[in-house]
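Every number here is computed from the coordinates shown, using simple stated rules; none is lab data. The structure presented is a predicted model; accordingly, all values stated were derived computationally and were not measured. Because the Cβ atoms are built from the backbone with ideal geometry, glycine has one as well, and the counts that use them run over all protein chains shown.
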């Protein structure tokens, strides 16, 4: 029995599921450009830990690609120009991080990431994408300021994976759900797998995943802050999609959410969380600040509802 016949038999049997390895980008079935194209870069990092303020990048991958502006079809992947590089941090890599990403102190010792090369890749891009931009963007911005003025999108948040019938938005699971797997937990491998995922049709709508991400990223969004909430309200806030902001000397701690329906969110907070009328801070969030540690301005919120 040859491999093709074995694959056919497995595919026809409801008791089994076939997984294929994500191939090199030159083997992908990419569309031929027919309309206006844009350049984007898929970013992935490996780090010393999960604290965006104190931890550091130890591996950076930048994967440039071209897509059709109106359709979201990926038309080329510039893997030859991709960056994949180690960086020695200012402190030893914790054992827990090495266990996860398999990057040791010996592997990064003496390595630095060429800032000029990072700028050369990022400067011409109209869009930066990461699968967890809320983590990756703050991490890269503090090392390389070139990322600060770019438009960002997040393949983890900006696609409604739940509406597509997928139970988790983790990269591995999203690939499994569509019959694929990859060798994860290294930056360039994860970047290639994420971009491949974005080239596929979504499970339910059959829209190209990147097209769905672009539509979401182009929406005008506002951030709504829920300050001074009761401790017992945290479950309801988390269930609705709110995230926690530790605050600063100028900004109180708060739960917050980005939404295209700020008025509806304010109404929900007043009805379900505060149960009275109160001023609720709301700010505009352009794509140049989404997912950034610079999301919140130093001054008070631009308006309150």
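Of the DSSP beta bridges with both residues in the chain, give the percent that are antiparallel, rounding to the nearest 5.
Antiparallel bridges make up about 80 percent of those DSSP assigns within the chain.
Among 198, 213, 19, which one shows the highest mean-square fluctuation when the chain is modelled as a Gaussian network with alpha-carbon springs under 10 Å?
19
Packing-wise, with mean Cβ within 10 Å as the measure, how do 136-142, 199-205, 99-105 rank, highest first? Spell out each step's value before the answer.
Values: 136-142: 22.6, 199-205: 16.1, 99-105: 14.3.
Top to bottom by mean Cβ count within 10 Å: 136-142, 199-205, 99-105.
Given only helices, namely DSSP H runs of n ≥ 4 each adding -39500 (n - 2.57), what is the per-residue ellipticity at 222 nm of the chain, to the nearest 500 deg cm²/dmol?
So the calculated ellipticity at 222 nm is -7000 deg cm²/dmol.
Given axes a ≥ b ≥ c from the Cα gyration tensor, I'd like to know whether region 1-72 is rounded (a/c under 1.5), prolate (a/b larger than b/c) or oblate. Write down the numbers at each step before the final one.
On the way: a/c = 3.07, a/b = 1.38, b/c = 2.22.
Since a/c reaches 1.5 but b/c is at least a/b, the shape of region 1-72 is classed as oblate.
Sort 210, 195, 9 so the one with the fewest other Cβ atoms within 10 Å of its own Cβ comes first.
Least to most surrounded, the residues fall as 9, 210, 195.
Can you order the peptides 23-35, 84-96, 62-74, 257-269 by their average number of other Cβ atoms within 10 Å per residue, highest first?
Highest-to-lowest ranking by the protection proxy: 62-74, 257-269, 84-96, 23-35.
Projected area of the chain, taken from the Cα convex hull and averaged over every viewing direction, in nm²? Before the final figure, lay out each step's value.
Values: hull surface 77.7 nm².
Result: 19.4 nm².
What is the Cα centroid distance between region 178-221 and region 98-171, reported in whole angstrom?
After rounding, the separation between the Cα centres reads 14 Å.
Suppose the chain between residue 20 and residue 163 were pulled fully straight at 0.36 nm per residue; how much longer would it get relative to their current alpha carbon spacing?
Fully extending the segment from residue 20 to residue 163 adds 49.0 nm.
Suppose R0 equals 22 Å. What FRET efficiency, 1/(1 + (r/R0)^6) with r the Cβ-Cβ distance, do residue 173 and residue 261 give to the nearest 0.05?
According to the calculation, E is roughly 0.20.
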